[in-house]
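**Student:** Take a look at the following structure, please.
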Amino acid sequence: MTTTTRSHSSRITPQINNQLDIFDLLALAEPITAPLSFTVAPYTPEEHHKACERWRIEHGNLEIWGKSHMWHCNGYDFGNNRTFAGDHPTVLMSADTRCDHYYPAACSCVGDLLYRMHCEGCGHVTGIHASENAAVEEHLDHCWKGWRNLPTITRKGQDGPWKIPNDYPTEWQIEGAPVRTLRQPMGTRHVPGRSPFGGYDAGTLSP
């Protein structure tokens, strides 16, 4: 008898006697549209997720991202990069296309850790970026026009209350809105869900 442990955030594919359980058989019967490899086509997070599940069943979990080079949906079904930002809930996706072949000259790897964002609200998909911040900024430029002109705000300590000025634009104090915060060099990552309104906390270098 094969025993399988499952959770919402991860799944262990049973390999005993090369048998698949009923969940894997059902997943194999479900059609997929996204390829089981790197692609530049803008498939939805759900399509990528189904393709990732198929790859896991066929090849296992070991080094899945480095071997498949597939887009994986951090935060869509596992991870923490899904942001419920009001009318523009987003999924930040990444693909590891870095080369680990013994003979690099013979491979066809793109050669970088890549990012793109999908907005599940309006359907916007960013281009492919080698910088996570660049992907986030393209998304914000499309979905939250004018965010770059917002005044910066601060908070007391890393987890303390936000200090929002009395004259902060009221139209930007809505569910899912991003904010801009002053940061130091090496600490400017745009953090999903950390805005006091539930959107992105976009790091900006101090003048």
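The values are calculated or read from the model by the stated rules, or taken from the named source; none is laboratory data. Quick caveat, the model's predicted, so the values are computed rather than measured. No Cβ is skipped: glycine too gets one built from the backbone with ideal geometry, and neighbour counts run over all protein chains shown. For accessibility, only protein heavy atoms count, side chains too; no ligands or nucleic acids. Shrake-Rupley method; radii C 1.70, N 1.55, O 1.52, S 1.80 Å.
**Student:** Using 1/(1 + (r/R0)^6) with R0 = 35 angstrom and r between the beta carbons of GLU46 and ASN166, what's the FRET efficiency to the nearest 0.05?
**Tutor:** 0.25
**Student:** Further, regarding this structure: Heads up, I need the accessible area for PHE197: 1.4 angstrom probe, whole protein in place, Å², nearest 10.
**Tutor:** 40
**Student:** I want the local charge near ASP159. Using Cβ-Cβ distances under 14 Å, sum +1 for each Lys or Arg and -1 for each Asp or Glu among the other residues.
**Tutor:** Counting the neighbours of ASP159, the net charge comes to +3.
**Student:** I'd like to know which of PRO178, LEU205, SER195 lies farthest towards the positive end of the charge dipole of segment 163-206, counting +1 on Cβ of Lys and Arg and -1 on Cβ of Asp and Glu.
**Tutor:** Going by the charge dipole, the pick is LEU205.
**Student:** How would HIS88, HIS139 rank on accessible area, largest to smallest, probe 1.4 Å?
**Tutor:** If we order HIS88, HIS139 from most to least accessible, we get HIS88, HIS139.
**Student:** How high is the FRET efficiency from ARG189 to LEU36, r the C-beta distance, R0 41 Å, rounded to 0.05?
**Tutor:** 0.85
**Student:** Which shape class applies to segment 110-196: rounded if a/c is under 1.5, otherwise prolate when a/b exceeds b/c and oblate if not, where a ≥ b ≥ c are the square roots of the Cα gyration tensor eigenvalues?
**Tutor:** Oblate, because a/c is 1.5 or more while a/b does not exceed b/c.
**Student:** Rank ILE64, ILE164 by accessible area, highest first, at a 1.4 Å probe radius? Write out the running numbers ahead of the final one.
**Tutor:** Details: ILE64 10, ILE164 60 Å².
From most accessible down to least: ILE164, ILE64.
**Student:** Could you compute the FRET efficiency for SER206 and ASN61, with r as their C-beta to C-beta distance and R0 at 30 Å, rounded to 0.05?
**Tutor:** 0.10
**Student:** Ignoring any ligand, DNA or RNA, what whole percent of the accessible area of segment 84-195 comes from carbon and sulfur when the probe is 1.4 angstrom?
**Tutor:** About 50 percent, which is the carbon plus sulfur part of the accessible surface.
**Student:** Just tell me which lysines come within less than 25 Å, Cα to Cα, of LYS50; anything on the same chain fewer than 8 places away is out.
**Tutor:** LYS67
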